[in-house]
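> For reference, the structure I am asking about is given below.
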Amino acid sequence: GQPDEGKPDCNGNWTPDYIDIACGSSIDCDSNGVPDECETDCNGNGVVDGCDIQAGTADDCNGNGLPDSCELGDGSASDCDGNGILDSCDLAAGTGQDCNANGVLDACDIAKGISIDCDLNGIPDECEIDCNLNGIVDACDISSGLGVDCNLNGIPDSCELADGSDADCNQNGVLDSCDLAAGTS
């Protein structure tokens, strides 16, 4: 056999890749030993993906050798908060919130219907306080009229009574602090 028999020849020109590169008949911009004409250019900009990343003309926040734009384009990664950064990278960098620790950005949980956000504050309801354990976030209890918040502190009055942080000494159904503020105690 030939001394170079079995050596990679990705472009099928009967010359091993390392010789194509060494002699200059093929370019290897990222020095990975594979001629550029054999590598992918997923974003179609005429630059091999590895060279795009190496030159800084394409981001690869997760370090997998694929431009982030290609992962977003083919659906293998997501950017549900629309900040131009892969959600997995937001999570890894701590720049995205995952309050329920399910490995998915809160914004994605809400957008995909995995979580509910009744008060539209961008935080899944399961991560917010439900002091009366009725399955509805306190702020939504109050805004829907299911709970009263006479002192406007964001906590249903029933919860303040239950935890002892306020009282209703005259049993009129109004927190004492609100009776005092209104001058009705």
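> I'm told residue 138 meets every condition in (1) under 28 Å from residue 162 (Cβ atoms); (2) surrounded by fewer than 20 Cβ atoms within 10 Å (Cβ to Cβ) except one. Can you identify the failing condition by its number?
Answer for residue 138: the failing condition is (2).
> OK, next. Looking at the range 95-131 only, could you name the residues that are surrounded by fewer than 16 Cβ atoms within 10 Å (Cβ to Cβ) and of a type in the set (Ser, Thr, Tyr)?
Listed by number, the list holds a single entry, 95.
> Looking only at residues that are in a loop (DSSP other than H, G, I, E, B) and open to solvent by 60 Å² or more (accessible area, probe 1.4 Å) in the range 64-74, which one is farthest from residue 103 (Cα to Cα)?
Top of the filtered list is 66.
> Right, here's the next one. Is there any pair with a first residue in the range 54-68 that is touching a residue at least 24 places away in the same chain (Cβ under 8 Å) and under 13 Å from residue 39 (Cβ atoms) and a second that is of a type outside the set (Gly, Ala, Ser) and open to solvent by 40 Å² or more (accessible area, probe 1.4 Å) whose Cβ atoms are under 8 Å apart and which are 6 or more apart or on different chains, and what are they?
Correct list of pairs: 54/29; 66/42; 67/42; 67/43; 67/53; 67/59.
> Mind checking which residues of the range 129-147 are of a type outside the set (A, V, I, L, M), within 29 Å of the chain's Cα centre (by Cα) and outside any loop (DSSP other than H, G, I, E, B)?
138, 140, 141, 143
> What tally of residues in the range 154-164 results from selecting those that are loosely packed, with under 14 Cβ neighbours inside 10 Å and part of a loop (DSSP other than H, G, I, E, B)?
Selection size over the range 154-164: 2.
> Suppose the filter is modelled with pLDDT under 90 and either touching a helix residue (DSSP H, G or I) at 6+ places or on another chain (Cβ under 7 Å) or of a type in the set (Gly, Ala, Ser) (or both); does residue 63 pass it?
So residue 63 does not fit the description; no.
> Right, residue 9: at pLDDT 90 or above and open to solvent by 60 Å² or more (accessible area, probe 1.4 Å) or not?
Answer is no for this residue.
> How many residues does the range 45-56 hold that are open to solvent by 70 Å² or more (accessible area, probe 1.4 Å) and either modelled with pLDDT of 90 or more or not in a loop (DSSP other than H, G, I, E, B) (or both)?
2
> How about the range 21-35: which of its residues are more than 14 Å from residue 9 (Cα to Cα) and either in contact with a Pro (Cβ under 6 Å, 6 or more places away or on another chain) or open to solvent by less than 50 Å² (accessible area, probe 1.4 Å) (or both)?
30
> Output the residues belonging to the range 15-44 that are part of a loop (DSSP other than H, G, I, E, B), over 27 Å from the mean Cα position of the chain (by Cα) and small (Gly, Ala, Ser).
24, 25, 26, 31, 33
> Just to be sure I understand the filter: pairs with C-beta atoms under 7 Å, separated by 6 or more residues or on different chains, first member in the range 7-24 and without any contact (Cβ under 8 Å) to a residue 40 or more places away in the chain, second member among the hydrophobic types (A, V, I, L, M, F, W, C) and surrounded by 12 or more Cβ atoms within 10 Å (Cβ to Cβ). Which pairs pass?
10/34; 10/38; 11/38; 17/10; 17/34
The values are calculated or read from the model by the stated rules, or taken from the named source; none is laboratory data. Model, not experiment: these values are computed from the prediction. All Cβ positions, glycine included, derive from the backbone under ideal geometry; neighbour counts span all protein chains shown. Areas reflect the complete protein model, heavy atoms only, side chains present, ligands, DNA and RNA absent. Shrake-Rupley method; radii C 1.70, N 1.55, O 1.52, S 1.80 Å.
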